[in-house]
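Enquirer: Here it is, the structure in full.
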Amino acid sequence: MITITGRHLTVTDAMKQHVEGKLKPVIESVPNLKITSAKVILEMEKSRCKAEILLNMKNHDMEAVSETYDMYQAIDMSVEKIDVQIRKLIDKVQDHHRGKVSKEAGIEAEVEAEAEAEAEAEKE
């Protein structure tokens with residue numbers, strides 16, 4: 001599911017494990033987003049290291065790019081950026097009105113409570 005490619009460098013097993021170890025928990029924490037593919041592009045330009053993460057989802061695409069002098073730090077920064085983007089998307093898509101009670105349901109609950117109170121009063 002995670003495709004890792006390198007530009008101007010060979011991707012080592014340690015880099016692959018680091019990327020998968022950091023990115024998998026972020027992707028698996030949100031199964032309802034239906035992430036179809038994840039691409040990680042690691043690039044080296046002179047002494048600068050660049051990590052780019054592309055996530056494709058059902059209705060959204062996300063991209064995070066970070067550039068530092070250390071490849072592992074660039075990977076960590078890109079994963080953090082993707083995590084923030086995912087959290088913002090979840091918050092935007094989430095139904096915030098789910099816990100509120102509609103007026104009709106509130107009236108029905110009041111009527112039931114009054115009926116129960118009358119039934120208890122009749123028993124006494």
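Enquirer: Could you give the length gained on full extension between residue 58 and residue 92, defined as 0.36 nm per residue of separation minus the Cα-Cα distance, in nm?
Expert: The span from residue 58 to residue 92 would gain 10.7 nm if fully extended.
Enquirer: Same structure, new question: Testing the spin-label approximation: label points 7 Å from Cα along Cα→Cβ at residue 120 and residue 48. State their distance in nm.
Expert: Taking the simple label geometry, residue 120 and residue 48 are separated by 7.1 nm.
Enquirer: Based on the Cβ-Cβ distance from residue 9 to residue 80, what FRET efficiency comes out when R0 is 25 Å, to the nearest 0.05?
Expert: Taking R0 as 25 Å, the efficiency between residue 9 and residue 80 is 0.70.
Read-outs: derived from the displayed coordinates by stated rules, not from any lab. Bear in mind the structure is a predicted one, so any value in this text is a computation, not a measurement. Neighbour counts are summed over all protein chains in view; Cβ atoms, including those assigned to glycine, are modelled from backbone coordinates with ideal geometry.
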